[in-house]
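The next block holds one structure in the form of structure tokens; read it before the comments.
The values are calculated or read from the model by the stated rules, or taken from the named source; none is laboratory data. Fair warning: this is a prediction, and the values are worked out from it, not measured in the lab. Note: ideal-geometry Cβ built from the backbone for every residue, glycine included; neighbour counts use all protein chains shown. The area values use the complete protein model at the heavy-atom level, side chains included, leaving out ligands, DNA and RNA. Shrake-Rupley method; radii C 1.70, N 1.55, O 1.52, S 1.80 Å.
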Amino acid sequence: MGEQEGRNLEGKVALVTGASRGIGRGTAVELARRGARVVVNYLSHRDEAEGVVEECRQAGGEAMVFQGDVGDREAVDRMFAATIGRFGGIDILVNNALKTVRKPFLELTPEDVEATWRVCLMAPLYCSQLAARQMVRQGRGGKIVMVSSVLAFIPFPNSLPYNTAKAGLEQMACTMAAELAPHRINVNVVEPGWTDTPGERAFLSEEELQAEARKLPWGRMGDIWELGKAITYLCTPAADYVTAATLRVDGGYWLPRVSAPVNRD
């Protein structure tokens, strides 16, 4: 078994925001499978968060939940204190929590924009700063991954707050990477495309989702386990020389639309 498939995160402490479902869930479980001790942050889905903790344990890792709004600096302070109190430090941070508002630009309110940017921009800033400060104190480097989106560069209509937050997040990651390189703290970005998560069902029916997914270059949406593996790669020693990079995991979503999906036979 190669390094990428082994327990190459044994003893590392990882914190994943927005980890009760979707991409955060896939990431938390994969990190645990590699041996990490995982903090599962959630805001409002406690039963699902507890389920992720159990999945982490079944995967061979140790895990705990922490309920908190990562857009609230005081809550983030408490979360890091709890993480360090339980596990003694932090080695990996995955900024995954998100909020989105789907509205035409002409109908957006300041509250719509501020709420989205608070979770998608300010929360990664708060969490990354506290994680990096602790990593510097520890003196053994660390990994920070920003979960962005292909909408950082695709001007998807009716999604201005989210699109612009993700574009800003990517510049934030690169700037952090430049400043933190001397401390051997890697900061990278993953850009998911259209991924099959519970949140997508807030906007489309199951039938609509599947019909639209068949139009994608790969003929389907991504799944949370594929994203979890990609994110986890950037948290492993295999990615020690990777920083300020963007890993797009979208099945070609960003490509010009094609008439038929890729032949996967």
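Work from the charge dipole of the chain (Cβ charges, +1 for Lys and Arg, -1 for Asp and Glu, about the Cα centre) and give the residue of 24, 59, 90 farthest towards its positive end.
90
Just to confirm my numbers, what's the Cα centroid distance between the range 75-101 and the range 45-68 in Å?
14 Å
What does the net charge come to around residue 9 if you take all other residues with beta carbon closer than 10 Å to its beta carbon, with K and R at +1 and D and E at -1?
Around residue 9, the surrounding residues sum to +3.
Counting C-alpha atoms alone, how compact is the range 106-180: give Rg to one decimal and Dmax as a whole number, in angstrom.
14.3, 49
Sort 215, 166 by heavy-atom solvent-accessible area, probe 1.4 angstrom, most to least.
On the way: 215 115, 166 5 Å².
Reading off the accessible areas and sorting them downward yields 215, 166.
How large is Rg over Rh for the range 146-265, taking Rg from the Cα atoms and Rh as the Kirkwood inverse mean of 1/r across Cα pairs?
1.01
Could you list the GluC sites (Glu not before Pro) in the range 13-87 that lie in coil according to DSSP, counting only those with at most 13 other Cβ atoms within 10 Å of their Cβ?
Numbers: sites: 30, 48, 50, 54, 55, 62, 74; in loops: none.
Taking the range 13-87 and a limit of 13 other Cβ atoms within 10 Å, no loop GluC sites (Glu not before Pro) are found.
Given 99/143; 12/166; 166/229; 103/229; 12/229, which pairs have Cα atoms separated by over 25 Å?
Beyond 25 Å: 12/166; 103/229.
Need one number: convex hull volume per residue for the chain, Cα atoms only, in Å³.
Taking the convex hull of the Cα positions in the chain, it is 136 Å³ per residue.
Can you give the Rg and Dmax of the range 1-96 based on its C-alpha atoms, in angstrom?
My reading of the Cα-based Rg and Dmax gives 12.4, 42 Å.
How many angstrom lie between the C-alpha centres of the range 138-176 and the range 214-247?
Between the Cα centre of the range 138-176 and that of the range 214-247, the gap is 14 Å.
Per the helix-only calculation at 222 nm, which mean residue ellipticity applies to the chain, given -39500 (n - 2.57) for every DSSP H run of n ≥ 4 and division by its residues, nearest 500 deg cm²/dmol?
-12500 deg cm²/dmol
Sort out the exposed loop chymotrypsin sites (Phe, Trp or Tyr not before Pro) in the chain (DSSP loop, at most 14 other Cβ within 10 Å) and tell me the longest stretch that has none.
1-202
Quick one: putting +1 on the C-beta of Lys and Arg, -1 on the C-beta of Asp and Glu, what dipole do you get for the chain around its Cα centre, in Debye to the nearest 20?
Details: 30 positive and 33 negative charges, 126 e Å.
Roughly 600 debye, rounded to the nearest 20.
Quick check: residue separation of residue 206 and residue 133 times 0.36 nm, minus the Cα distance between them. What number comes out in nm?
Taking residue 206 through residue 133 to full extension adds about 21.9 nm, to one decimal.
Please compute the Kirkwood hydrodynamic radius over the range 77-140, one decimal place, Å, based on all pairs of different Cα atoms. Please list the in-between numbers first.
On the way: mean 1/r = 0.0737 Å⁻¹.
It works out to 13.6 Å.
In the chain, what percent of the accessible surface is made up of carbon and sulfur (1.4 Å probe, ligands and nucleic acids excluded)?
55 percent
Hey, can you find the accessible area per residue of the chain for me, probe 1.4 Å, expressed in square angstrom?
For the chain, the solvent-accessible area averages 47 Å² per residue.
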